[in-house]
Amino acid sequence: MTLPRRILVVRNDKLGDFTLALPVCELLRRELPGAHVTVLTPEYTREVAELAPGIDDVLIDQGPERAGGSAGELARAIRERGFDASVTLFSTVRVGLALFRARVPLRYAPATKFGQFFHNRRVVQRRSESTQPEYEYNLDLARRLLADCGVTGDTSFTRPVLPLPAELVAERRAALNATYDFDPSARLVMLHSGHGGSANNLSVEQYARLASALRSRDGHAFLCTAGPGEEDAAERLAASIEDARACVYRSAGGLAAFVRTLAAGDLFIGGSTGPLHLAGALDLRTVAFYPRRRTSSPLRWQPLNRDERRLAYAPPEPFDERDLSGIDLDAVAREVSARFLDAAERPA
């Protein structure tokens, strides 16, 4: 098979889902160095796509509700780019029809839902069984394309998926210290109490209790991050934290600025949300809270950081699968402090 020269990777829904698609772009870009990799994504995740070294270009999906977002109009935009192959990580009828009408020769997608019938390279995955991380399901589609191209060898991905220059991170950390009057020698812990979609998260009161129970040898400070509509909760959280400096960061300057802010921290704590997955893509140390449901499990929605940089918690039996009040926050605080905050060396 002739190697594809122009590849479209489709993940056009939420921030966390798109972030977990970045390893696909990195793998395709590395193993097919002559290929041009474009992503189809909504406008609001454009800035993350532009930070990813595995992505050459961004095609904006206007969405079905907006002008220019019909399957026909999307097909025209795709056809104009002359793609040789597409890898659709989340299959919908609209996107499948657009790719079919755009006559993309090789169209890879999971063999699920009605939209699969518009693709000619279908991969059986059974994602609902949640036997591996979401990003591995995504990578399996890229691996199928590579195998069809006769490309063999290492099909893992490089961490961090969103690498930032060390000098840029140091500059951002210094700016945060100056803005919020943080001790430069203290650990900087990011707390994200917001949640999106169906994701569970701790309550503000639980986060405050956890934060107050954390310990570190050299001290620590908290930056309570907040997206649009999450500011009030972040303010209440910062005001409730005892024995440590706590301030609020309002993410009003775009996702690229938010990514740089996350990168300046030593530890991110939050629910299974977009910010958690951005932190994982930066290979930060993360602490995450999940429901016990199979399709929402810590395994399925594992962030992209290395194993040793990741802790995850879910409600134990007999608590309801979505009842995060069943998590022993004192035990969490002890483990987080020992693993990530109270080490002899500053977290890298």
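The values are calculated or read from the model by the stated rules, or taken from the named source; none is laboratory data. Because the structure is a prediction, the values reported are computed rather than measured. Cβ sites come from the backbone with ideal geometry, for glycine too, and all protein chains shown count toward neighbours.
From the set of residues in region 116-136 that are over 24 Å from T19 (Cβ atoms) and aromatic (F, W, Y), which is surrounded by the most Cβ atoms within 10 Å (Cβ to Cβ)?
The residue in question is F118.
Quick one: Y108 ticks every box in (1) surrounded by 18 or more Cβ atoms within 10 Å (Cβ to Cβ); (2) touching a Pro at 6+ places or on another chain (Cβ under 6 Å); (3) more than 17 Å from T19 (Cβ to Cβ) except a single one, so which number is it?
Among (1) surrounded by 18 or more Cβ atoms within 10 Å (Cβ to Cβ); (2) touching a Pro at 6+ places or on another chain (Cβ under 6 Å); (3) more than 17 Å from T19 (Cβ to Cβ), Y108 violates only (2).
One line per residue, one yes/no per condition, for (1) under 16 Å from the mean Cα position of the chain (by Cα); (2) among the acidic types (D, E); (3) assigned by TED's automatic domain parsing to the domain that holds A52; (4) surrounded by fewer than 24 Cβ atoms within 10 Å (Cβ to Cβ):
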residue: E230; (1), (2), (3), (4): no, yes, no, yes
residue: A234; (1), (2), (3), (4): no, no, no, no
residue: R245; (1), (2), (3), (4): no, no, no, yes
residue: L255; (1), (2), (3), (4): yes, no, no, yes
residue: G270; (1), (2), (3), (4): yes, no, no, no
residue: L278; (1), (2), (3), (4): yes, no, no, no
residue: R293; (1), (2), (3), (4): no, no, no, yes
residue: S297; (1), (2), (3), (4): yes, no, no, yes
residue: R300; (1), (2), (3), (4): yes, no, no, yes
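Being in contact (Cβ under 8 Å) with a residue 40 or more places away in the chain and aliphatic (A, V, I, L, M) is the filter; apply it to region 81-98 and report the residue that is nearest to L3 (Cα to Cα). Outline the logic, then answer.
Of region 81-98, the ones in contact (Cβ under 8 Å) with a residue 40 or more places away in the chain are 81-90, 95.
With aliphatic (A, V, I, L, M) added as a condition, the list becomes 85, 87, 89, 95.
Values: A85: 9, V87: 14, L89: 20, V95: 23 Å.
Of everything passing the filter in region 81-98, A85 is nearest to L3 (Cα to Cα).
Take residues that are touching a residue at least 40 places away in the same chain (Cβ under 8 Å) and tell me which of the strands (runs of 3 or more DSSP E) falling wholly in region 1-80 contain 3 or more. Break it down into steps so the answer makes sense when it comes.
Details: elements: 6-10, 36-41, 57-60.
Those strands (runs of 3 or more DSSP E) span 6-10.
Of all residues in region 199-217, how many are over 21 Å from the mean Cα position of the chain (by Cα), assigned to a loop (DSSP other than H, G, I, E, B) and within 11 Å of L324 (Cβ to Cβ)?
The qualifying residues number 1.
Out of (1) in contact with a Ser or Thr (Cβ under 8 Å, 6 or more places away or on another chain); (2) at pLDDT 95 or above, the odd one out for Q116 is which?
So the condition that Q116 fails would be (2).
Mind checking whether some residue in region 313-330 is under 14 Å from the mean Cα position of the chain (by Cα) and assigned to a loop (DSSP other than H, G, I, E, B)? Steps first, answer last, please.
Here is the first cut: in region 313-330, the ones under 14 Å from the mean Cα position of the chain (by Cα) are none.
Scanning region 313-330, I find no residue that is under 14 Å from the mean Cα position of the chain (by Cα) and assigned to a loop (DSSP other than H, G, I, E, B), so the answer is no.
State which residue pairs qualify: first residue touching a residue at least 40 places away in the same chain (Cβ under 8 Å) and among the β-branched types (V, I, T) and inside region 308-332, second residue buried (at least 18 other Cβ atoms within 10 Å of the Cβ) and assigned to a helix (DSSP H, G or I) in any location, beta carbons under 7 Å apart, and separation of 6 or more residues or different chains.
Sorted first by the residue in region 308-332, then by its partner, the pairs are V332/L210.
Looking only at region 172-194, decide whether some residue is within 21 Å of A49 (Cα to Cα), in the same structural domain as L262 (by TED's automatic domain parsing), surrounded by 15 or more Cβ atoms within 10 Å (Cβ to Cβ) and at pLDDT 95 or above.
Yes; the residues of region 172-194 include at least one that is within 21 Å of A49 (Cα to Cα), in the same structural domain as L262 (by TED's automatic domain parsing), surrounded by 15 or more Cβ atoms within 10 Å (Cβ to Cβ) and at pLDDT 95 or above.
Please go through region 233-261 and pick out each residue that is at pLDDT below 95, of a type in the set (D, E, K, R) and farther than 17 Å from A186 by Cβ.
Selection gives R250 alone.
Under 8 Å between Cβ atoms, which residue pairs at least 6 apart in sequence (or on different chains) link something in region 251-279 that is more than 12 Å from L176 (Cα to Cα) and touching a residue at least 60 places away in the same chain (Cβ under 8 Å) with a partner that is part of a strand (DSSP E or B) and of a type in the set (G, A, S)?
I269/A288; G270/A288; G271/A288; S272/A288; L276/G270; L276/A288; A279/G270
Against the condition of a type in the set (V, I, T), surrounded by fewer than 18 Cβ atoms within 10 Å (Cβ to Cβ), outside the structural domain of A77 (by TED's automatic domain parsing) and closer than 30 Å to R245 by Cβ, how does T155 come out, does it pass?
Values: of a type in the set (V, I, T): yes; surrounded by fewer than 18 Cβ atoms within 10 Å (Cβ to Cβ): yes; outside the structural domain of A77 (by TED's automatic domain parsing): yes; closer than 30 Å to R245 by Cβ: no.
Criteria not met by T155.
Which is touching a strand residue (DSSP E or B) at 6+ places or on another chain (Cβ under 6 Å), crowded, with 20+ Cβ neighbours inside 10 Å and not polar (S, T, N, Q), of D61, D57? Steps first, please.
Numbers: D57 fails: crowded, with 20+ Cβ neighbours inside 10 Å.
Just a single option satisfies the conditions, and that option is D61.
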